[in-house]
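Notes follow once the structure below has been shown.
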Amino acid sequence: MADGKKAPLKTGRQRLLKAFGPSVSRGRMVVGLLLAILGFLAIVQIQTLNDDTEFAGARREDLITFLDTLEAASRSAQSDIDNLEARRDSLRDASDRRSAAINEAEQQADALGVLAGTAPATGPGVIVTINDPGDDVTSGTLLNALEEMRNAGAEAIEVNNKVRVVAQTSLVDTEGGVAAGGVELGSPYVFEVIGPPDDLETAMSFPGGLTDEVEELQGTVAIKRSDDINIASLHRPETPEYARPAD
Amino acid sequence: MIAALGLLLGVVVGLLVQPEVPLGLQPYLPIAVVAALDAVFGGLRAYLDGIFDDKVFTVSFFSNVLIAMIIVYLGDQLGVGNQLSTGVIVVLGIRIFSNVAAIRRHILHA
């Protein structure tokens with residue numbers, strides 16, 4: 001070592017400094033070329049790893065293992081999807097059935113409400129006006145009239161825009177006329193009836209029927225057909241005190 | 001000087017060209033790079049020892065790369081490619097460390 005330090009160009013450091021000198025020789029060209037190859041290969045490898053995914057340099061067995069794992073994961077995810085879809089379908093079915101049942105119940109409630117007088121009603125029918133100047137028409141006459149209307153298929157009946165006539169509606173004679181369902185009514189009695197207009201008209205005017213009966217009492221009956229009768233007054237239902245549904 | 005310029009040139013060419021590595025060569029490229037690195041450090045050490053010879057360096061460079069790749073290829077054929085490539089990397093790494101240690105002693109005298 002001591003000898004090397006004294007002699008020029010014998011230590012590693014001196015040789016390294018000389019190597020950075022400007023001289024050109026065959027050996028240096030070869031070294032430069034080989035280092036260029038090294039740099040090229042290294043950068044190509046680094047870029048291959050960068051651009052492609054992490055699998056670019058992986059070997060076949062690793063890839064196969066990886067693929068198997070992925071396939072298993074995908075199978076289990078697929079079965080999860082199937083389960084969840086089945087569950088979604090069954091929930092959707094249940095909800096469809098439920099909403100269908102609700103719709104049906106609502107329709108039924110509407111239909112029953114019209115019949116029970118708890119819902120407003122509209123439709124074709126007739127307007128029957130009984131004029132009774134002498135105050136001779138009794139509850140019996142009006143009851144007959146209602147019975148004729150019902151026989152003819154009346155579905156909703158309203159008197160004088162005040163009283164909705166239902167099964168419970170009572171007719172009672174009073175001083176000034178007739179009380180229907182507890183409401184005092186006087187002449188003229190206007191019946192708005194929803195039902196088949198032809199049948200209703202016939203039922204009101206057949207010989208010996210309502211018209212003749214009222215005319216005998218010095219009154220008049222006017223029958224007018226209408227395609228659009230609106231019945232707005234409602235019957236307020238009461239909870240039955242004695243009767244309860246029998247199964 | 002020329003060596004450093006050569007290294008820089010190789011890097012620049014690699015960045016500009018961006019070649020596609022053939023699929024069959026992909027597992028061997030990293031091994032080749034490490035083997036070449038080992039040859040370069042060996043050459044530097046020989047240079048500092050004053051026994052550098054460009055023919056020896058060239059032959060050792062290419063034979064290192066070739067043998068490393070052949071060993072890994074053989075390992076792949078035998079089904080132990082992973083283990084053999086790890087082994088080759090370990091051996092080359094040890095050689096690189098010992099060469100760098102010798103270089104360090106030359107330059108830093110420590």
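The values are calculated or read from the model by the stated rules, or taken from the named source; none is laboratory data. The structure displayed is predicted, hence computed values, not measured ones. Virtual Cβ from ideal backbone geometry, glycine too; neighbours counted across all protein chains shown. When the accessible area is computed, the model is the full protein with side chains, heavy atoms only, and any ligands, DNA or RNA have been set aside. Shrake-Rupley method; radii C 1.70, N 1.55, O 1.52, S 1.80 Å.
Go through the stretch A:46-72 residue by residue and tally those that are modelled with pLDDT under 80 and either touching a His at 6+ places or on another chain (Cβ under 7 Å) or among the aliphatic types (A, V, I, L, M) (or both). Going through the stretch A:46-72 one residue at a time, the tally reaches 3.
For the residues B:Val91, B:Val65, the requirement of being of a type outside the set (Ser, Thr, Tyr) and either outside any helix (DSSP H, G or I) or within 18 Å of A:Ala42 (Cα to Cα) (or both) singles out B:Val65.
For the stretch A:158-204, the set of residues classified as among the small types (Gly, Ala, Ser), closer than 20 Å to A:Pro133 by Cα and part of a helix (DSSP H, G or I) is empty. Apart from one condition, B:Phe52 fits all of (1) assigned to a helix (DSSP H, G or I); (2) at the interface with another protein chain (Cβ under 8 Å from one of its Cβ atoms); (3) more than 21 Å from A:Asn50 (Cα to Cα); the exception is (1). Counting the residues of the stretch B:14-31 that are open to solvent by 60 Å² or more (accessible area, probe 1.4 Å) and at the interface with chain A (Cβ under 8 Å from one of its Cβ atoms) gives 2.
When A:Leu112 is tested against (1) surrounded by 14 or more Cβ atoms within 10 Å (Cβ to Cβ); (2) under 17 Å from A:Arg164 (Cβ atoms); (3) at pLDDT below 90, only condition (1) is not met.
Screening the stretch A:171-197 for residues that are open to solvent by 30 Å² or more (accessible area, probe 1.4 Å) and β-branched (Val, Ile, Thr) and picking the one that is modelled with the highest pLDDT gives A:Val190.
Among the residues of the stretch B:50-72, those that are in contact (Cβ under 8 Å) with a residue 12 or more places away in the chain and open to solvent by less than 70 Å² (accessible area, probe 1.4 Å) comprise B:Phe57, B:Ser60, B:Phe61, B:Asn64, B:Val65, B:Ala68, B:Met69, B:Ile71, B:Val72. When you go through A:Asp68, A:Asp62 one by one, which is the residue that is within 14 Å of chain B (Cβ to nearest Cβ) and assigned to a helix (DSSP H, G or I)? Result of the check over A:Asp68, A:Asp62: A:Asp62.
Go through the stretch A:128-142 and give me each residue that's closer than 19 Å to A:Ile223 by Cα and surrounded by 15 or more Cβ atoms within 10 Å (Cβ to Cβ).
A:Val128, A:Thr129, A:Ile130, A:Asn131, A:Asp132, A:Val137, A:Thr141, A:Leu142
Answer with yes or no whether A:Glu148 is of a type in the set (Asp, Glu), under 17 Å from A:Gly186 (Cβ atoms) and either touching a strand residue (DSSP E or B) at 6+ places or on another chain (Cβ under 7 Å) or modelled with pLDDT of 85 or more (or both). No, not satisfied.
Contact annotation: residue pairs with Cβ atoms under 8 Å, 6 or more positions apart or on different chains, pairing a residue in the stretch B:73-101 that is open to solvent by less than 80 Å² (accessible area, probe 1.4 Å) with a partner that is of a type in the set (S, T, N, Q) and modelled with pLDDT under 90, are B:Gly75/B:Asn82; B:Gly75/B:Gln83; B:Gly75/B:Ser85. The set of residues in the stretch B:32-49 that are facing chain A (nearest Cβ under 8 Å) and open to solvent by 40 Å² or more (accessible area, probe 1.4 Å) comprises B:Leu37, B:Tyr47, B:Asp49. Restricting the stretch A:205-247 to residues that are open to solvent by 80 Å² or more (accessible area, probe 1.4 Å) and part of a strand (DSSP E or B) leaves a set whose member that is nearest to A:Gln168 (Cα to Cα) is A:Asn230.
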